[in-house]
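See below for the structure under consideration.
The values are calculated or read from the model by the stated rules, or taken from the named source; none is laboratory data. This one's a predicted model, so the numbers in the text were calculated from it and none came from an experiment. Cβ coordinates were reconstructed from backbone atoms using ideal geometry, including for glycine residues, and neighbour counts include every protein chain displayed. Note: areas computed on protein heavy atoms with side chains; ligands, DNA, RNA excluded. Shrake-Rupley method; radii C 1.70, N 1.55, O 1.52, S 1.80 Å.
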Amino acid sequence: MLTDYDLKYIPKVLTFWDKLNEAQKNLVLNNISPVHYDKGARIHSGENDCIGVILIKKGELRIYILSDEGKEITLYRLRDGEICILSASCILDNITFDVHVDAEVDSEVLLIDSSLYQQLCRQNIYAENFTDKLVIDSFSDVMWAMEQILFMSFDKRLAIFLSDEITRNQSDNIELTHEQIAKYIGSAREVVSRMLKYFAQEGIVELSRRGVRVVDKKRLKELIL
């Protein structure tokens, strides 16, 4: 059952809400469900698992692709207040690759039925434009991830990741294991550990059992430029 918070949250996240008529609004409210995902839960897995559009109230989702050999490449991550559209890939034209979505932490979301959302986009140009922008933004993130993997040196990729993390978390401390960092940037743990050790020797970071602490942001930025 939707809470009062949900009823206020939906119009805030779906910015086309005021462009819907009352029948369309009721259609959404009757086809949206609050869902809890435990940390590590597989939310979406390939084209045959089209669960719907996910509005993230609280938590973090990881969107990634998986090779036949089982290698994961993280495309991007989403947090509070963001929307996962690729979990409804069955309603998107010309999506020819399978994406997977996992909950990185315990997450509270609102899930909109795929067929309902597709119907809404057909009926309302504002909903359609909103969705097109979500798809464009998603593929921009995908292309950025591919560009880093294909064309950037590993020290620069790692520096970008660390810089993004301290900005996102508003903290110099990054409480992630080397294994988690490797998963997020599409590398091997051993490679991440060697480069972090080098960064530590250069005085850019400090390493501990709790994770990584950036101690020289200027040097880190110089690696990115």
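Details
- Checking every one of the GluC sites (Glu not before Pro) in segment 1-93 against DSSP loop status and a limit of 12 other Cβ atoms within 10 Å picks out Glu69.
- Accessible area expressed per residue, the chain, with surrounding protein chains retained (probe 1.4 Å, Å²): 55 Å²
- Segment 32-125, dipole about Cα centre (Lys/Arg Cβ +1, Asp/Glu Cβ -1), debye to the nearest 20: 300 debye
- Fluctuation leader among His178, His100, His44 - the chain, Gaussian network, Cα springs under 10 angstrom: His178
- Net lengthening on full extension, Glu190/Asp4 (0.36 nm per residue, minus Cα-Cα): 62.2 nm
- Cα-based helix-to-principal-axis angle, 125-151 vs the chain, degrees rounded to 10: 20 degrees
- Based on alpha carbons, the Rg and Dmax found for the chain are 19.3, 62 Å.
- Principal-axis tilt of helix 154-169 within the chain, Cα atoms, nearest 10 degrees: 60 degrees
- For segment 1-84, convex hull of alpha carbons as volume per residue, Å³: 118 Å³
- Each Lys or Arg adds one and each Asp or Glu subtracts one; over the other residues with Cβ under 12 Å from the Cβ of Ile224, this totals +3.
- The slack between Val215 and Ile136, meaning 0.36 nm per residue of separation minus the straight C-alpha distance, is 24.9 nm.
- For the chain, the longest principal axis of the C-alpha atoms and the axis of helix 189-201 are separated by about 60°.
- For Lys218, the lysines whose Cα comes closer than 25 Å to its Cα, not counting residues fewer than 8 places off in the same chain, are Lys156, Lys197.
- Trypsin sites (Lys or Arg not before Pro) within segment 9-92, DSSP loop, no more than 15 other Cβ atoms inside 10 Å: Lys39, Lys71
- For the chain, averaging the sequence separation of C-alpha pairs within contact (under 8 Å, six or more residues apart) and dividing by the residue count gives a relative contact order of 19 percent.
- Net charge contributed by nearby residues that have their C-beta within less than 12 Å of Lys156 (K/R +1, D/E -1): -1
- The apolar share of the surface of segment 1-63, taken as the fraction of accessible area on carbon and sulfur atoms (1.4 Å probe, ligands and nucleic acids excluded), comes to 48 percent.
- Long pairs among Lys12/Lys39; Lys12/Lys57; Lys8/Lys57; Lys71/Lys183, criterion Cα-Cα beyond 18 Å: Lys12/Lys39
- Those Cys residues of the chain for which no other cysteine Cβ falls under 4.7 Å: Cys84, Cys121
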